[in-house]
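Beneath this line is the structure, given in structure tokens, with notes to follow.
The values are calculated or read from the model by the stated rules, or taken from the named source; none is laboratory data. Predicted model, so just to flag it, every value in this text is computed and none were measured. We place every Cβ from the backbone using ideal geometry, glycine too, and count neighbours over all the protein chains shown. Ligands, DNA and RNA are stripped out before the accessible areas are found, and what is left, the full protein with its side chains, is counted by its heavy atoms. Shrake-Rupley method; radii C 1.70, N 1.55, O 1.52, S 1.80 Å.
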Amino acid sequence: MAQLTLDLQATLGDFSLQVDDQLQMDGITALFGPSGSGKSTLLRIIAGLETRATGKVAFNGETWQHARMRVPAHVRGATLLFQDVRLFPHLDVGGNLDYAARRAPPSRDGADRHDIIRSLELDNLLDRRTQTLSGGEAQRVAIARALLARPRLLLMDEPLAALDLGRRARLLDRIEELPRRFGIPVLYVTHAIDEVARLADHTVLMQSGRWIARGDTADILERLDLPDLAAGSDTGALLNATVASHDDALALTRLTVGSWTLSVPALNRPAGAEVRLRVRARDVALATERPSAISIRNVLEGRVLEITTDGQSPYAEVLIDVDGSHLRARITRASVAELALVAGSRVYALIKSIALDS
Amino acid sequence: MDFTPIWLTLRLAGLTTAILLVFGTPLAWWLAHSRARAAPAVEALTALPLVLPPTVLGFYLLLLFNPQAGFGAFWLELTGQTLSFSFSGLVVASVLYSLPFVVQPLQTAFQMQGRGPLEAAATLGATPLDAFFTVASPLALRGYLSAAVLGFAHTVGEFGVVLMVGGNIPGRTQVISIAIYEEVETLNYAQAHQWSAILLVFSFLTLLLVYGLNRRSAPRVG
């Protein structure tokens, strides 16, 4: 498993960056935080493009930066996908791919060119000028170009930021399969929580130039002390579910989570398929008795693990265990008092809406 | 009709342009990317020939070329020839005089592309020199065309500096602009007409080429 060691201090204007940690990189690691938290700067430092940071960067035991020594970007083997894409305008699509392929170290393993072109659906684009590509096409070319350089580490800086929703969804599929298909660890910068939930195996939370938490994505997303990061209302929990059956008449799909069943609008997935659900805290209501005569279909029984309140806010965040899976609910403090909720209370979680991540 | 002045002019302009493209490129690159405190001073020095009367430059060059002392003596020692009133001296003078016309279009071209393409090339494994030749230079192609055309044309059109450091020696330093001056002085208007018409048409076609290129490729940049 790849390992990234950072011990960095940087002062850039009135912004200071301080990171001292070691990251086990496996699959996709999200670097998540609000705009201006230093994510992109950190990515540039790791790539070797930022000369203003002091400290240490090491990858798999190889020192990339230490004291005055700085390994130049072109020998690190860390390829950066820029938010503004940066294809070479004087080369066509095929030329851009060749540019990277010709400079890939022959000693390093890499995926087959045809395989890369096929998996990113570029067969029909190879002769096109880069100026004629749509945003999604350009970003796919950039990903293929990065892969052809045979990187040891793939750094992605908000690659979906400039795309519309439909293109985002399609590109997400491609990005999700990168580590598994090509065996390259990915460090993915984003400020969109849905991308984190969808893609990331591990997540690092960043704020004001510091890492404030890191761990499995599911654990990070349900942490109660981090509610303000994603503009407050978007915190939630991830659930791994399995497609159980389809009800064509009602246009519903039934999913199982542990021993519970959830209904969602019909999904185009075969029975047995694994899906990842994101349930936002504000979409979960709580009851102490099983409600009857209610329109909400999805009611799960669980136990309160923890309740967090903030003296200023009218809301409380409640963490609930449902057969080992965790849910978060955002309800008023008044409701907590009225329902006499404490850690250990038995509750029914009423889920108003579920976002499907895959 | 004696074509020697034309041949001499083309040789001078061609050589000057070639030298300027080679040495102007690193200078333009440095000016485009440097954050050094000396950069504005170097930029101002580079632009001086744009505003100085050619006689001022010619005067200082004559002092520099003086075979009795300093650089002029060193050159005489090295080559056995003086720089003043020689073709070599004209080349040195023209390089200085046309410097801004080559450096400024290149500097603008490098500045416009920014660091982005080079950073992308670096993370794909290209060394800085590799990235310069395979990414920065092709992207600055239009700048190179402008620089070459303007440098060449401006050298063809120079008069004052040439007259001061080169004099008027047929076959050695008598370029076309000097030849015209000579013909007018000796009231040989027919020959003056011919030379002038040639220069006029050449200059117009040159500028037409530069502006045509700028207009045609402008929307593609970026």
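Annotation note: of B:Phe65, B:Phe3, B:Phe71, the sole residue that is open to solvent by 60 Å² or more (accessible area, probe 1.4 Å), touching a Leu at 6+ places or on another chain (Cβ under 9 Å) and not polar (S, T, N, Q) is B:Phe71.
Considering segment A:103-118 alone, what residues qualify as being more than 9 Å from chain B (Cβ to nearest Cβ) and either farther than 17 Å from A:Glu177 by Cβ or surrounded by 13 or more Cβ atoms within 10 Å (Cβ to Cβ) (or both)? I'd like the intermediate steps shown before the answer.
Within segment A:103-118, the subset more than 9 Å from chain B (Cβ to nearest Cβ) is A:106-118.
Selection gives A:Pro106, A:Ser107, A:Arg108, A:Asp109, A:Gly110, A:Ala111, A:Arg113, A:Asp115, A:Ile116, A:Ile117.
So that you can scan it fast, the table gives a plain yes or no per residue for (1) surrounded by fewer than 24 Cβ atoms within 10 Å (Cβ to Cβ); (2) on the phi < 0 side of the Ramachandran plot:
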| site | (1), (2) |
| --- | --- |
| B:Phe85 | yes, no |
| B:Val92 | yes, yes |
| B:Pro100 | yes, yes |
| B:Thr108 | yes, yes |
| B:Gln113 | yes, yes |
| B:Ser137 | yes, yes |
| B:Ala147 | no, yes |
| B:Gly157 | yes, yes |
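Any idea which of A:Leu91, A:Leu87 is within 11 Å of another protein chain (Cβ to nearest Cβ), open to solvent by less than 70 Å² (accessible area, probe 1.4 Å) and free of Cβ contacts under 8 Å to residues at least 40 places away in the same chain? Spell out how you get there, then give the answer.
Details: A:Leu87 fails: free of Cβ contacts under 8 Å to residues at least 40 places away in the same chain.
Of the residues listed, the single one that is within 11 Å of another protein chain (Cβ to nearest Cβ), open to solvent by less than 70 Å² (accessible area, probe 1.4 Å) and free of Cβ contacts under 8 Å to residues at least 40 places away in the same chain is A:Leu91.
Sub-6 Å Cβ pairs linking a first residue in segment B:115-130 that is at the interface with another protein chain (Cβ under 7 Å from one of its Cβ atoms) to a second residue that is assigned to a loop (DSSP other than H, G, I, E, B) and surrounded by 15 or more Cβ atoms within 10 Å (Cβ to Cβ), at least 6 apart or interchain, are B:Gly116/A:Arg86; B:Glu119/A:Leu49; B:Ala120/A:Arg86; B:Leu124/A:Ala149; B:Gly125/A:Ala149, ordered by first then second residue. Residues that are within 28 Å of A:Thr217 (Cβ to Cβ), open to solvent by 20 Å² or more (accessible area, probe 1.4 Å) and in contact (Cβ under 8 Å) with a residue 40 or more places away in the chain within segment A:332-344 comprise just one, A:Gly344.
Of these, A:Ala149, A:Ala161, A:Ala142, A:Ala78, which one is more than 14 Å from chain B (Cβ to nearest Cβ) and in contact (Cβ under 8 Å) with a residue 60 or more places away in the chain?
Working: A:Ala149 fails: more than 14 Å from chain B (Cβ to nearest Cβ); A:Ala142 fails: more than 14 Å from chain B (Cβ to nearest Cβ); A:Ala78 fails: more than 14 Å from chain B (Cβ to nearest Cβ).
So the residue among A:Ala149, A:Ala161, A:Ala142, A:Ala78 that is more than 14 Å from chain B (Cβ to nearest Cβ) and in contact (Cβ under 8 Å) with a residue 60 or more places away in the chain is A:Ala161.
Search segment A:220-247 for residues being surrounded by fewer than 17 Cβ atoms within 10 Å (Cβ to Cβ) and at pLDDT 85 or above, and hand back the single one that is nearest to the chain's Cα centre (by Cα). Across segment A:220-247, the extreme among qualifying residues is A:Thr242. When B:Ala28 is tested against (1) among the hydrophobic types (A, V, I, L, M, F, W, C); (2) at pLDDT 95 or above; (3) open to solvent by 30 Å² or more (accessible area, probe 1.4 Å), exactly one condition is not met: (3). Whether a residue is away from chain A (no Cβ under 14 Å), over 18 Å from the mean Cα position of the chain (by Cα) and at positive phi was assessed, and B:Gly70 passes this test.
Please work out which residue is nearest to A:Pro159 (Cα to Cα), limiting yourself to segment A:1-32 and to residues that are small (Gly, Ala, Ser) and surrounded by 14 or more Cβ atoms within 10 Å (Cβ to Cβ). It would help to see each step written out before you state the result.
Taking segment A:1-32 first, the residues small (Gly, Ala, Ser) are A:2, A:10, A:13, A:16, A:27, A:30.
From what's left, surrounded by 14 or more Cβ atoms within 10 Å (Cβ to Cβ): A:2, A:10, A:27, A:30.
Numbers: A:Ala2: 22, A:Ala10: 25, A:Gly27: 17, A:Ala30: 12 Å.
Step by step, filter segment A:1-32, then rank; the result is A:Ala30.
Residues that are modelled with pLDDT of 90 or more, open to solvent by 50 Å² or more (accessible area, probe 1.4 Å) and in a helix (DSSP H, G or I) occur at least once in segment B:172-182.
Given the criteria open to solvent by 10 Å² or more (accessible area, probe 1.4 Å) and more than 13 Å from chain B (Cβ to nearest Cβ), does A:Thr54 qualify?
Details: open to solvent by 10 Å² or more (accessible area, probe 1.4 Å): yes; more than 13 Å from chain B (Cβ to nearest Cβ): yes.
Here the answer is yes, as A:Thr54 does meet what is asked.
Quick check: anything in segment B:88-103 more than 26 Å from A:Gln83 (Cβ to Cβ) and within 14 Å of chain A (Cβ to nearest Cβ)? Looking through segment B:88-103, none of the residues is more than 26 Å from A:Gln83 (Cβ to Cβ) and within 14 Å of chain A (Cβ to nearest Cβ). Return yes or no: is A:Thr29 more than 14 Å from chain B (Cβ to nearest Cβ) and in a strand (DSSP E or B)? The answer is yes for A:Thr29.
No other residue among B:Leu139, B:Leu78 is away from chain A (no Cβ under 12 Å) and more than 15 Å from the chain's Cα centre (by Cα) apart from B:Leu78.
Taking the condition within 24 Å of A:Pro34 (Cα to Cα) and open to solvent by less than 20 Å² (accessible area, probe 1.4 Å), does A:Gly311 pass? No.
For segment B:139-165, the set of residues classified as over 14 Å from B:Leu106 (Cα atoms) and assigned to a helix (DSSP H, G or I) consists of B:Phe152, B:Ala153, B:His154, B:Thr155, B:Val156, B:Gly160, B:Val161, B:Val162, B:Leu163, B:Met164, B:Val165, listed by residue number.
Scanning segment A:156-176 for residues being surrounded by 20 or more Cβ atoms within 10 Å (Cβ to Cβ), over 16 Å from A:Leu122 (Cβ atoms) and of a type outside the set (D, E, K, R) gives a total of 2.
Would you mind telling me which numbered condition in (1) more than 14 Å from chain B (Cβ to nearest Cβ); (2) of a type outside the set (D, E, K, R); (3) touching a Ser or Thr at 6+ places or on another chain (Cβ under 8 Å) A:Asn96 fails? All conditions are met except number (1). Does A:Leu160 satisfy the condition of being assigned to a loop (DSSP other than H, G, I, E, B), within 29 Å of A:Leu327 (Cβ to Cβ) and of a type outside the set (S, T, N, Q)? So A:Leu160 passes the test.
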